[in-house]
Amino acid sequence: MKSLFNEKEAKKFVAQYRNLPVDLGLRVYTSRLLGGEVSLVLHGGGNTSVKIKMKNIFGEERDVLFVKGSGIDLGRIEPSGFVGLELEPVRQLKSLPSIADAEMENQLLIHKTAYASPDPSVEALLHAFLPPRFIDHTHADSILVLGSQANGADLLREVLGPKASVLPYSPPGMPLAQAGWKHYGQNPEREAIVVMGHGIFTFGEDARTAYERMVSYVSKAEAFINRKTRGKKFGSPRADAPPLQDKVSSIARLAQMIRGTCAFREETGKFRRFFVEVRSTSELIEASLLLESKTLCSSGVLTPDHAIRTKNQWAYIDRAEEDDALLKEKIKNILQDYRQAYDRAFAAQVQTGHVDWKKLDSNPRVFLIAGLGLITLGLTRQAARIAADIGEHTVHVKILAHSIGNYEPILEDHVWAMEYWSLQQKKLDHPLPPPLQGQVAVVTGGGGAIGLGIADRLLKAGAAVVISDIDKKTLDKVFSVLAGKHGEDRIEKILCDVTRYESVEKTFMEISGRLGGIDILVPNAGVAHVAKVEDLDPDKFRQVINVNLIGTFNTIKASIPVFRRQGTGGNIVVVSSKNVFDPGASFGAYSASKAGAHQISKIAALELAELGVRVNLVNPDAVFGDDEVPSKLWELVGPERMKSRGLDPEGLKEYYRQRNLLKVRVTAEHVGNAVVFFASEETPTTGATLPIDGGIPAAFPR
Ligand SMILES: [Zn+2]
């Protein structure tokens, strides 16, 4: 790797943060340079610091350590991502032989210089104890590759030269901080320290020196690896490699089954579900078809820091069976073995370490699948992506390590201690999760006003939402409205023609590949047509039936295999209409098609209860949407209604408001709230219809 330090760029950072100390601006600049390099740090890994003399509120000068906040991404860090700590009192902790984790955390927090700054990095103590002004720390791949060899420490010494020290592994926190400063105190001329099984620290009195030393040492290791691996290929391909199958369908089935089998029940009895991320690069596929594939899965994390994201062991699926029952059985057995091994090892750790850890769920986070690549799990979508990024990276590094010699796993005890270290677990802490967190919702007709309202409420309740529509323009519009409000992380859009069964089936496979499956299905796509029966063109009638009735049928039918493979129940909430109970003249096609859809939904409620899938209906009336996304139905129906009643658009809305008992304007968000109510399973209800109409006596369900 090359130094990207550029004086002009550096000055820009200093100018941008001119209200802050110059060195803090430079600290931000070189931290971002490190963070932009995936071979150095991944997702909040690595950390940096600088020590600056500053005046306190009394005008007294003292040293402040600015160290990266815990879990913050170096690549995008801002000055606010660093936490200032009073250096002297934190340094005094050096004199203690040891300190409990909770007390260490307490000491760091009470010596923050700003109340609102983030929690300091778990490696803050080492940054405080070591004297150099600038300290850069990464988990560089090339350093880990050399360190993972049987003679790793000697190899690193030989490759990095006399100004770099190599220390044995120490658990992060006080033990590492003590080991680091004691060693440095005796060897103050050192430019870098490597900690085996962890990563590298480089030092400098200015930002550029510390950064360029990182680049220089990592480059030495990279050059050595390049020389050693040139022309070498790792592993022996399996003779019994499974034949190439339909990739999209295999991934969808695997994702649904893995996700379903790993879901676990919470104390409330409801399922906690995972999001899924799929990676299918050629390197991963090659790595999944070797005699050594299983070893790649069982040889553990590259650095203990990764354990909270990927767990130490991965699961290997040697063949994606084409038969659903066989595949499900295989996944069940693999998971059973995995969980038993995890629980046994956990119990042994607790017993020998005399610790009172609370066990997390025993599911793997990473699956390597023969011929397909990686499937990873996360309780949030971001967690699934992080696990996938780390997983992809781990395969690459292990292949390199095996190519120069033999990859030696990190001692399991260290990894367990890190996985369950309270300060690591804190990185995964989320405030009380919203009711639909982890669930995937699909809303057809997502390009319309009601689709928007439903998607909006589902997102607010924590679900990931896929909006689908046949009309790309309106779908893009709704996507951008939703993304503006909720961010893009949990929203997907996909084109789909609900009148064609194959289109719906393909859409559901695609969704499973992107997110893992489907938990909440909202058949909402619909069209209207105004004509008296006498004037109703049979082709028009058929068209409306096709979308509103056949479309609802196709959507429900195609979801059943997905629900079946997942085995975790689910919710179908059909957007029906007030017209089913209270039809209107000239609205025959719409009312008849909605009545048909209503009936098929009730039949589905009867048939799907055995899968734990509830089917309920909402009956909205007079939802107009807003100027940004108006209701397509009312754009069609409105003008004629206005003409016949002599009203303007505002007058028409007012007419419908006055028509209902509660005198309210019904909004798309009201419909969305009803969908969230059914989906959150607060009542044991299926086959029910909930009117969302302000109260229309003629449309009372019966
Ligand atoms: Zn580290």
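The values are calculated or read from the model by the stated rules, or taken from the named source; none is laboratory data. Because the structure is a prediction, the values reported are computed rather than measured. Positions of Cβ are backbone-derived with ideal geometry, glycine not excepted, and every protein chain shown enters the neighbour counts. Accessible surface areas use protein heavy atoms only, side chains included; no ligands, DNA or RNA. Shrake-Rupley method; radii C 1.70, N 1.55, O 1.52, S 1.80 Å.
For segment 559-570, the condition holds for at least one residue, the condition being that it is surrounded by 23 or more Cβ atoms within 10 Å (Cβ to Cβ) and on the phi > 0 side of the Ramachandran plot.
Checking Gly484, Gly446 one by one, the residue that is surrounded by 23 or more Cβ atoms within 10 Å (Cβ to Cβ) and over 17 Å from the mean Cα position of the chain (by Cα) is Gly446 and no other.
Among all residues of segment 357-370, there is none that is of a type in the set (A, V, I, L, M, F, W, C), in a helix (DSSP H, G or I), farther than 21 Å from Gly513 by Cβ and open to solvent by 20 Å² or more (accessible area, probe 1.4 Å). Mind checking which residues of segment 25-66 are of a type in the set (Ser, Thr, Tyr) and more than 16 Å from the ligand (Cβ to nearest atom)? Tyr29, Thr30, listed by residue number.
In segment 612-702, which helices (runs of 4 or more DSSP H) lie fully inside it and hold 3 or more residues that are in contact with a helix residue (DSSP H, G or I) (Cβ under 9 Å, 6 or more places away or on another chain) and modelled with pLDDT of 95 or more? Give the derivation first.
Values: elements: 632-645, 649-659, 668-679.
Those helices (runs of 4 or more DSSP H) span 668-679.
Mind listing whichever residues of segment 141-163 are more than 17 Å from His402 (Cα to Cα) and either in contact (Cβ under 8 Å) with a residue 60 or more places away in the chain or within 16 Å of the ligand (Cβ to nearest atom) (or both)?
Kept after step one, since they are more than 17 Å from His402 (Cα to Cα), are these residues of segment 141-163: 154, 157-163.
Residues satisfying the conditions are Val159, Leu160.
Can we say Ile470 is touching a residue at least 40 places away in the same chain (Cβ under 8 Å) and open to solvent by 50 Å² or more (accessible area, probe 1.4 Å)? Considered against the rule, which asks whether it is touching a residue at least 40 places away in the same chain (Cβ under 8 Å) and open to solvent by 50 Å² or more (accessible area, probe 1.4 Å), Ile470 comes out as yes. Among the residues of segment 253-269, is there at least one that is touching a helix residue (DSSP H, G or I) at 6+ places or on another chain (Cβ under 7 Å), open to solvent by 80 Å² or more (accessible area, probe 1.4 Å) and either on the phi < 0 side of the Ramachandran plot or of a type in the set (Phe, Trp, Tyr) (or both)? Looking for residues that are touching a helix residue (DSSP H, G or I) at 6+ places or on another chain (Cβ under 7 Å), open to solvent by 80 Å² or more (accessible area, probe 1.4 Å) and either on the phi < 0 side of the Ramachandran plot or of a type in the set (Phe, Trp, Tyr) (or both), one finds none in segment 253-269, hence no.
If you go through segment 164-186 and keep only what is open to solvent by 30 Å² or more (accessible area, probe 1.4 Å), free of Cβ contacts under 8 Å to residues at least 60 places away in the same chain and farther than 18 Å from Thr303 by Cβ, you end up with Lys182, His183, Gly185, Gln186.
Yes/no matrix, rows are residues, columns are (1) farther than 27 Å from Leu400 by Cβ; (2) among the acidic types (Asp, Glu):
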residue: Gly173; (1), (2): yes, no
residue: Gln178; (1), (2): yes, no
residue: Lys182; (1), (2): yes, no
residue: Pro188; (1), (2): yes, no
residue: Glu205; (1), (2): yes, yes
residue: Glu212; (1), (2): no, yes
residue: Thr229; (1), (2): no, no
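The requirement of being free of Cβ contacts under 8 Å to residues at least 40 places away in the same chain, more than 22 Å from Leu428 (Cα to Cα) and not aliphatic (A, V, I, L, M) is fulfilled somewhere in segment 298-310, by at least one residue. Reported count of residues in segment 284-320, each being touching a Pro at 6+ places or on another chain (Cβ under 9 Å), buried (at least 18 other Cβ atoms within 10 Å of the Cβ) and over 25 Å from Val248 (Cα atoms), is 8.
Where residues in segment 48-71 are under 16 Å from Leu24 (Cα atoms) and among the β-branched types (Val, Ile, Thr), which of them is surrounded by the fewest Cβ atoms within 10 Å (Cβ to Cβ)?
Narrowing segment 48-71 to residues under 16 Å from Leu24 (Cα atoms): 48-55, 62-69.
Within this subset, residues satisfying the condition of being among the β-branched types (Val, Ile, Thr) are 48, 50, 52, 64, 67.
Working: Thr48: 31, Val50: 27, Ile52: 17, Val64: 22, Val67: 27.
It comes out as Ile52.
Going by the structure shown, is Ala221 more than 32 Å from the chain's Cα centre (by Cα), open to solvent by less than 30 Å² (accessible area, probe 1.4 Å) and more than 16 Å from the ligand (Cβ to nearest atom)? Working first, answer last.
Values: more than 32 Å from the chain's Cα centre (by Cα): yes; open to solvent by less than 30 Å² (accessible area, probe 1.4 Å): yes; more than 16 Å from the ligand (Cβ to nearest atom): yes.
Yes.
Give segment 660-695 a look and list any residue that's in contact with an Asp or Glu (Cβ under 7 Å, 6 or more places away or on another chain) and either among the hydroxyl-bearing types (Ser, Thr, Tyr) or surrounded by fewer than 19 Cβ atoms within 10 Å (Cβ to Cβ) (or both), or say none. Scanning segment 660-695 gives a single hit, Glu669. Taken over segment 127-154, the criterion of being under 19 Å from Ile52 (Cβ atoms) and open to solvent by 10 Å² or more (accessible area, probe 1.4 Å) is satisfied by Pro131, Arg133. Only one entry of Gly231, Gly235 meets the criterion of being among the small types (Gly, Ala, Ser), surrounded by 12 or more Cβ atoms within 10 Å (Cβ to Cβ) and assigned to a loop (DSSP other than H, G, I, E, B), and that entry is Gly235.
Of the residues Pro188, Pro172, only one is outside any helix (DSSP H, G or I) and more than 26 Å from Gly44 (Cα to Cα); which?
Working: Pro172 fails: more than 26 Å from Gly44 (Cα to Cα).
Just a single option satisfies the conditions, and that option is Pro188.
Within segment 321-338, is even one residue in contact (Cβ under 8 Å) with a residue 40 or more places away in the chain, within 16 Å of the ligand (Cβ to nearest atom) and open to solvent by less than 60 Å² (accessible area, probe 1.4 Å)? Full working, then the answer.
Start the filter on segment 321-338 by keeping residues that are in contact (Cβ under 8 Å) with a residue 40 or more places away in the chain, which leaves 322, 324, 327-328, 331-332, 335.
With within 16 Å of the ligand (Cβ to nearest atom) added as a condition, the list becomes none.
Looking through segment 321-338, none of the residues is in contact (Cβ under 8 Å) with a residue 40 or more places away in the chain, within 16 Å of the ligand (Cβ to nearest atom) and open to solvent by less than 60 Å² (accessible area, probe 1.4 Å).
Within the option set Glu88, Glu103, being open to solvent by 40 Å² or more (accessible area, probe 1.4 Å), away from the ligand (no atom under 16 Å from the Cβ) and at pLDDT 95 or above holds for one residue only, Glu88. Only residues that are within 16 Å of the ligand (Cβ to nearest atom) and closer than 21 Å to Ala221 by Cβ were counted across segment 177-207, and they come to 13.
Out of segment 130-162, which residues are closer than 15 Å to Glu37 by Cα, touching a strand residue (DSSP E or B) at 6+ places or on another chain (Cβ under 9 Å) and not aliphatic (A, V, I, L, M)? Listed by number, the residues that qualify are Asp136, His137, Thr138, His139. Of the residues examined, Ala114 is one that is more than 30 Å from Tyr407 (Cβ to Cβ) and away from the ligand (no atom under 16 Å from the Cβ).
Each residue in segment 648-702 was checked for being among the acidic types (Asp, Glu) and in contact (Cβ under 8 Å) with a residue 12 or more places away in the chain, and 3 pass.
Every residue, every condition in (1) within 16 Å of the ligand (Cβ to nearest atom); (2) in a helix (DSSP H, G or I); (3) over 19 Å from Ile331 (Cβ atoms), yes or no:
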| residue | (1), (2), (3) |
| --- | --- |
| Glu277 | no, no, no |
| Ile285 | no, yes, yes |
| Thr295 | no, yes, yes |
| Gly300 | no, no, yes |
| Ala307 | yes, yes, yes |
| Gln313 | no, no, no |
